[in-house]
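The values are calculated or read from the model by the stated rules, or taken from the named source; none is laboratory data. Note that the coordinates shown come from a computational prediction; the quantities given were computed from them, not determined experimentally. Because the Cβ atoms are built from the backbone with ideal geometry, glycine has one as well, and the counts that use them run over all protein chains shown. Just the protein is used for accessible areas: all its heavy atoms, side chains included, with ligands, DNA and RNA removed. Shrake-Rupley method; radii C 1.70, N 1.55, O 1.52, S 1.80 Å.
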Amino acid sequence: MSEIKFEDKMNKLKTIVEQLDNEDTDLDTSIKLYEEGLKLSKELKLQLKSFEEKIDNIDKENNNE
């Protein structure tokens, strides 16, 4: 199974935020959405850090040539 794309995770997080902003969302659902949002946020931060490290490595390799 392939990993979910960064952009797809961002879109899912955006959807969660919109649902949390909706006053009609009940408390139980809001808590579940909040937990899911926190999980996605952590995954996105790790993925972004990985991307930054890859870019740094590419820059270092190209500067050494």
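A few notes on this one:
- Placing a label point 7 Å from the Cα of Lys14 along the Cα-to-Cβ direction, the residues of the range 20-42 with a backbone N closer than 16 Å are 20-21, 41.
- Percent accessible area from carbon and sulfur atoms, the range 1-49, protein chains only, probe 1.4 Å: 55 percent
- Entry for Cα Rg over 2.2 N^0.38 Å (calculated from the structure that is shown) out of (1) 1.01; (2) 1.56; (3) 1.42: (2)
- Over 20 Å (Cα to Cα) - which of Lys5/Lys54; Lys5/Lys32; Lys5/Lys60 fall in this group: Lys5/Lys32; Lys5/Lys60
- Taking Cα atoms only, the orientation of helix 6-21 departs from the longest principal axis of the chain by about 30 degrees.
- Charge context of Lys9, other residues only, Cβ under 13 angstrom, K/R +1, D/E -1: +1
- The trypsin sites (Lys or Arg not before Pro) of the chain that meet both conditions, a loop assignment by DSSP and at most 10 other Cβ atoms within 10 Å of the site Cβ, are Lys5.
- Qualifying GluC sites (Glu not before Pro) in the range 1-43, DSSP loop, other Cβ atoms within 10 Å at most 16: Glu3, Glu23
- Karplus-derived HN-Hα couplings along the range 43-53 (A = 6.51, B = -1.76, C = 1.60, θ = phi - 60°), whole Hz, x at Gly and Pro: 4, 5, 4, 5, 5, 5, 4, 4, 4, 4, 5
- Taking Cβ atoms as reference points and 14 Å as the exclusive limit, the residues near Asp28 contribute a net charge of -3, counting Lys and Arg as +1 and Asp and Glu as -1.
- Helical contribution to [θ] at 222 nm, DSSP H n ≥ 4, -39,500 (n - 2.57), averaged over the chain, rounded to 500: -29000 deg cm²/dmol
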